[in-house]
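The values are calculated or read from the model by the stated rules, or taken from the named source; none is laboratory data. Keep in mind that this is a model prediction, so the values were computed, not measured. Quick reminder, even Gly has a Cβ in these numbers, built from the backbone with ideal geometry, and neighbours come from all protein chains shown.
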Amino acid sequence: GIQVEQSPPDLILQEGANSTLRCNFSDSVNNLQWFHQNPWGQLINLFYIPSGTKQNGRLSATTVATERYSLLYISSSQTTDSGVYFCAVDPGRSNYQLIWGAGTKLIIKP
Amino acid sequence: DVKVTQSSRYLVKRTGEKVFLECVQDMDHENMFWYRQDPGLGLRLIYFSYDVKMKEKGDIPEGYSVSREKKERFSLILESASTNQTSMYLCASSLKYPNIQYFGAGTRLSVL
């Protein structure tokens with residue numbers, strides 16, 4: 001089956017820094033989603049991005065489907081950006097199941 | 001805004017009890033999902049449903065069952081809770097297409 005690998009596994013930054021999180025996947029997919037899980041466990045969908053680039057405030061994401069990777073950029077980090085960032089891919093099976101990466105744990109220090 | 005509501009944030013149960021976790025979504029989504037999340041193991045799909053009364057097993061269905069009698073509600077049932085079912089349980093919903101998943105706040109279940 002499809003493998004999804006995220007890097008780095010952990011990242012510690014000072015407030016105000018920029019960061020880039022990477023998601024590699026081993027086969028072609030229908031779409032890719034980025035999620036943020038806050039320290040209390042709530043998962044929020046950040047981007048639905050099968051290809052191309054999208055921006056939402058300080059966050060942007062780029063997926064290069066032909067090269068099987070996606071990048072999540074966080075600029076001017078704030079402490080509220082802390083948490084775990086997951087990417088998940090939809091391999092296009094009929095059952096709508098997503099394949100999840102292991103996540104990148106981000107800690108933003110004040 | 002999409003709202004997915006899980007009935008409890010924290011739950012403590014005894015071994016052998018029957019446990020019901022309820023999830024309700026208000027966006028008329030066809031798909032609903034139950035995951036469990038454990039440290040170091042990521043999100044694992046237990047069951048999902050793509051329509052009323054329809055269900056399919058995910059990666060780890062053993063020890064669980066589900067019920068979807070109405071479109072907006074998806075219940076996860078632990079027939080006889082065991083300590084190894086102590087975990088964070090997350091419910092999600094989505095349209096058939098695009099399959100953008102929206103999550104509830106999660107239920108932290110402890111089985112003693």
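Brief remarks on what is shown
- Sole exception among (1) more than 14 Å from chain A (Cβ to nearest Cβ); (2) of a type in the set (Lys, Arg); (3) in contact (Cβ under 8 Å) with a residue 60 or more places away in the chain for B:ARG108, by number: (1)
- Restricted to the stretch B:60-93, and to residues there that are among the polar types (S, T, N, Q) and farther than 13 Å from B:CYS23 by Cβ, the residue that is farthest from the other protein chains (Cβ to nearest Cβ) is B:SER80.
- Flag for A:SER76 being in a strand (DSSP E or B) and away from chain B (no Cβ under 11 Å): no
- Positions within the stretch A:29-82 being in contact (Cβ under 8 Å) with a residue 60 or more places away in the chain and within 10 Å of the chain's Cα centre (by Cα), in sequence order: A:GLN33
- Among the residues listed as A:GLY92, A:GLY103, the single one being modelled with pLDDT of 95 or more and either surrounded by 13 or more Cβ atoms within 10 Å (Cβ to Cβ) or closer than 30 Å to B:MET54 by Cβ (or both): A:GLY103
- Among the candidates B:SER8, B:SER65, B:SER80, residue that is over 28 Å from A:PHE47 (Cα atoms) and within 13 Å of the chain's Cα centre (by Cα): B:SER65
- Enumeration of residues in the stretch A:79-110 that are of a type in the set (S, T, N, Q) and away from chain B (no Cβ under 11 Å): A:THR79, A:THR80, A:SER82, A:THR104
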